[in-house]
């Protein structure tokens, strides 16, 4: 476990990876918070009646909806998904760059990381809208109603996203920590 923390510190202490982490986590969080309000944003922001500063203030005011429009559980997993998604991507980029310098091909970790990233993307959303991507896709086949029968009303998908991202990060950290050559005895 301590070795994994050392890897995280090593990777995030590099300014390129720290900037990538901050940018990706902010973008994922921003999409998560603004997406449920997209209709009002598309109605108000394009109008010429507001100055650029007023438009920025208006859009920024929606960040507070994490405390008002989300349940405590969905707010926590939305923030966690944003952070874990970014961390997963940063570690994946680091691993690929490291492996590219040594070998060709890293299919198992690519699959795990991609699975975690997809789950993170599908699992974010608020309690009123549900998970915005998955619910939208599933509503075309009538599966949105099924989510209401789950104990947490579909928030299980956000929890699953957090767990899959954590596993994906663990898998990447394990691969990064592996020795470059096989252990010969």
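The values are calculated or read from the model by the stated rules, or taken from the named source; none is laboratory data. What you are looking at is a predicted structure, and each value in this text was computed from that prediction instead of being measured. Glycine also receives a Cβ, built like all others from the backbone with ideal geometry; neighbour counts cover every protein chain displayed.
Of note:
- Lone unmet requirement of (1) at positive phi; (2) at pLDDT 90 or above for residue 105: (2)
- Selection from segment 30-44 of residues that are within 23 Å of the chain's Cα centre (by Cα) and surrounded by 14 or more Cβ atoms within 10 Å (Cβ to Cβ): 30, 31, 32, 33, 34, 35, 36, 37, 41
- Subset of segment 44-61 [at pLDDT below 85 and part of a helix (DSSP H, G or I)]: 44
- For segment 9-32, the criterion of a residue being touching a helix residue (DSSP H, G or I) at 6+ places or on another chain (Cβ under 7 Å) and more than 15 Å from residue 84 (Cα to Cα) is satisfied by no position.
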